[in-house]
1. Normalising by the residue count of segment 151-210, find the relative contact order in percent from Cα pairs under 8 Å and 6+ residues apart.
2. Considering the options Val418, Pro307, Asn336, tell which one lies farthest towards the positive end of the dipole of the chain, charges being +1 on Lys and Arg and -1 on Asp and Glu at the Cβ, about the Cα centre.
3. Please label the shape of segment 146-305 as rounded, prolate or oblate, based on the square roots a ≥ b ≥ c of the eigenvalues of the alpha-carbon gyration tensor (a/c under 1.5 means rounded; beyond that, a/b larger than b/c means prolate, else oblate).
4. Percent of alpha carbon pairs in segment 227-310 separated by more than 21 Å?
5. With each label point set 7 Å from Cα along the Cα-Cβ vector, what nm distance links Glu391 and Lys372?
6. Considering the chain as a Gaussian network with a 10 Å cut-off on Cα pairs, which listed residue, Leu397, Leu296, Leu230, attains the greatest mean-square fluctuation?
7. Would you mind calculating the relative contact order of segment 207-298 from Cα pairs under 8 angstrom and at least 6 residues apart, reporting the percent as a whole number?
8. With θ set to phi - 60° and the Karplus curve 6.51 cos²θ - 1.76 cosθ + 1.60, what are the ³J(HN,Hα) couplings of segment 49-57 in order, to the nearest whole Hz, using x for Gly and Pro?
Amino acid sequence: MEGSYTNIPANNLKTPTSGSLRLQPPTYGNLITVLSIDGGGIRGLIPGIVLSFLEKELQKLDGESARLADYFDVITGTSTGGLVTAMLTAPNENNRPMFAAEDIKEFYLNECPKIFPQNSCPVFPHLQKVINALTGPKYDGKHLHKLVKEKLGDTKLHQTLTNVVIPTFDIKQLHPTIFSSYEVKKNPSSNLDVFLSDICIATSAAPTYLPAHYFETKDSDGQVIRKFHLIDGGVAANNPTLVAISEVSKEITRGSEAFSPMNPLDYARFLVISLGTGSSKAQMKYDAPDAAKWGLLSWLNRGGSTPIIDVFSHASVDMVDLHLSVVFQALNSEENYLRIQDDTLTGDVSSVDIATNKNLEDLVKVGEKLLKKPVSRVNLETGRFEICCQETNEKALIRFAKILCDEKQFRNARSPNVNTLWQL
């Protein structure tokens, strides 16, 4: 393992810092740590900025080698959040995360304009959008597919450096397909242990924007075991926090040694950071008298937006946040749940695919400003985010970083699997 060392004893042995050790199972600790990242196309830049800040705070406490995957029992993401999840957990040649959190920003700035090339019809851009919506997906996905396969190579689900949960939706079965490390570890021969690149392409295949993804798994004789017909996981869980918690609860119910002894309904033990990609809820786009007159074309394209996509993505995100807010409040564990979201986006920054250099830079600024805003929670009646305390998101993340480091050190101290002495 790589990492820095402290307190070098005279007998020529050295002790690794907490940040250089793999996270020990929750059974040796007090908490179950979850990081969740919503879907949202180019708006993935917003949680990218937040994640970079969090990782830097962890590095201040545990050394420059510290990475987010070293502190979370499970990282979950949908669509663009699934891409970020893979970036943070896929191993490089040194068996460390392929990307540091600070690399996410440059990745999006450099690659989004190629994934979402802008309109080539400057005279009638709105007409071009309508034509695209009628004739096929808005983008062919070729650059995204090539990029993801180049970066992730032959990495499979079981190889991620911490547990991951990435939702997709199978349009053949009309049923969600959840790619979960927990399922793969329970059954190593599972047909869900597929290439991480295929999972990323599938969970990003937003209807009307990118093409659905088909692939197969085969046995050692080349016989097809399973066929996948997948689209964006956001149609089922654009905010995948609850999916990840459910996967953990299943493990506890199965009697997994990693969670023994624990109660599957003990949400008070969860420490959750849930990151949104921003929304334009404060900008009321649609109303019932107008929508009552819409046909198919209007639901697919209204003033450059896609109402049907907006509706199901907001519904999915808010239902999860509402549920978790109620649960953590009921358990008097509100400080264990941090939802960072900006629901005041307007104009181009509210888009999932306007990948101009200016708009991407504006999204970076949105993320930076979001760190300075007070922690907010969803109002259970209105669904709007409202300030709940004087603590800023930045200060909350600093507090969470300390909790994450303390939890990791506590587990290391209790686990018989950690050998804290390493030969020079």
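The values are calculated or read from the model by the stated rules, or taken from the named source; none is laboratory data. Note that the structure is a prediction, hence the values are computed from the model and not measured. For neighbour counting, all protein chains shown are included, and Cβ atoms are generated from backbone atoms with ideal geometry for every residue, glycine included. Areas reflect the complete protein model, heavy atoms only, side chains present, ligands, DNA and RNA absent. Shrake-Rupley method; radii C 1.70, N 1.55, O 1.52, S 1.80 Å.
1. Working: 69 pairs, mean separation 22.9, N = 60.
Normalised by residue count, the contact order of segment 151-210 is 38 percent.
2. With unit charges placed on the Cβ atoms, the residue in question is Pro307.
3. Values: a/c = 2.31, a/b = 1.36, b/c = 1.70.
Oblate.
4. Working: 1960 of 3486 pairs.
Here the tail beyond 21 Å accounts for 56 percent of pairs.
5. 2.1 nm
6. Leu296
7. Numbers: 46 pairs, mean separation 13.7, N = 92.
Reported as a whole number, the value is 15 percent.
8. Values per residue, Gly and Pro as x: 5, 5, 5, 4, 5, 4, 5, 5, 5 Hz.
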